[in-house]
Amino acid sequence: MAEPVLPITQQVNSEHRAIRTPSVDFRLEDVEDCLIYDRHGVSDPFKKLYQDRKSVIIFVRNFLCYSCKEYVEDLSKIPKEALEDADIRLVVIGQSAHHHIEPFCSLTGYPHEIYVDPERCIYQKLGMKREEKFTDSAHPSPHVKSGIFMGQMKSIWRAMTSPAFDFQGDLHQQGGAIIAGPGSHVHFSHFDMNRLDHMPINWLLQLAGVQQTLDFSDKPKIVHV
C-alpha cells in the first residue's frame, strides 16, 4: 500500500509547496472574547465556535473577492454528513457588515455556519497578513477557476451592482484557516500570503479528521456501467 501523502501548508514558495506544519505563534485566549456576528446581527464571543467541538474556521478576505467566492463555493460542496461523522464544525468568517452574509450565502450556495468580524479584531490579533505577496513560481489555488484580471473585473462589477456600493471588507486584508478545539488548543493554522494561497480543502478536512475525500473539480464524472 502506498504511503499517504502528507498535507501541505503553503501554496506559495520559491520552488515547491512546503510539506510541514508551522509552529503556532498565537494564543486563542487573546481572541476568545472578540465578537462575531451572525446574519441577523446577533453577537457571540469567538470562543463559542470551538469551546465544545473541534472546528475548522476559514477566514476570507472580503465577500466581493472573486477567489474567496470560488473557494466558498467549493466549501459549500462538503456534505453535512461528512462533518457530522467527524464531529467537527465548519465555519466561515468574513470581515464585512452582517447584512452582507445572506447575499453571499445565496451567491455561493454555502449552507454551513458563517459569521463576520467587522472590526477585524480576530484578524489583527491573530496576526493575519495585510497586502499580498506573490512569487514567480506560485501555485494557483485548486479552488479558484478565474484568472486574476477577469476575477477582479467580476469583483468590481459585483460591487457596482450591489445595493450598497462597497467592497464588503478591507481590500488589503488576507485570510487564513485554523483548526481548533475543543477548548483553546490549536491543531493547525495557515495564514494566506495572497488571494490564491488557500489551504486545499481536502487537506484541511484530512487534518481535522474527515475520512471522506471530496471531488471539487468541474469535470464531468464518468460512470462505468
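For this structure, a couple of remarks:
- When each of Lys80/Lys125; Lys48/Lys133; Lys54/Lys125; Lys80/Lys129; Lys54/Lys80 is checked by Cα-Cα distance, pairs over 26 Å: Lys80/Lys125; Lys48/Lys133; Lys80/Lys129
- For region 19-121, applying the loop criterion from DSSP together with a ceiling of 13 other beta carbons within 10 Å to the GluC sites (Glu not before Pro) yields Glu119.
- Amide H contacts under 5 Å for Ile114: Val92, restricted to partners 5 or more places along the chain or on a different chain, H placed in the peptide plane at 1.01 Å from N.
- Amide proton proximity set for Ile36, modelled H, under 5 Å, gap of 5+: Asp44, Phe46
Every read-out reported here was derived from the displayed coordinates using simple, explicitly stated rules and does not represent laboratory data. The model shown is predicted, which means the values in this text are computed figures rather than measured ones. So basically every Cβ, Gly included, is an ideal-geometry build from the backbone, and we count neighbours across all protein chains shown.
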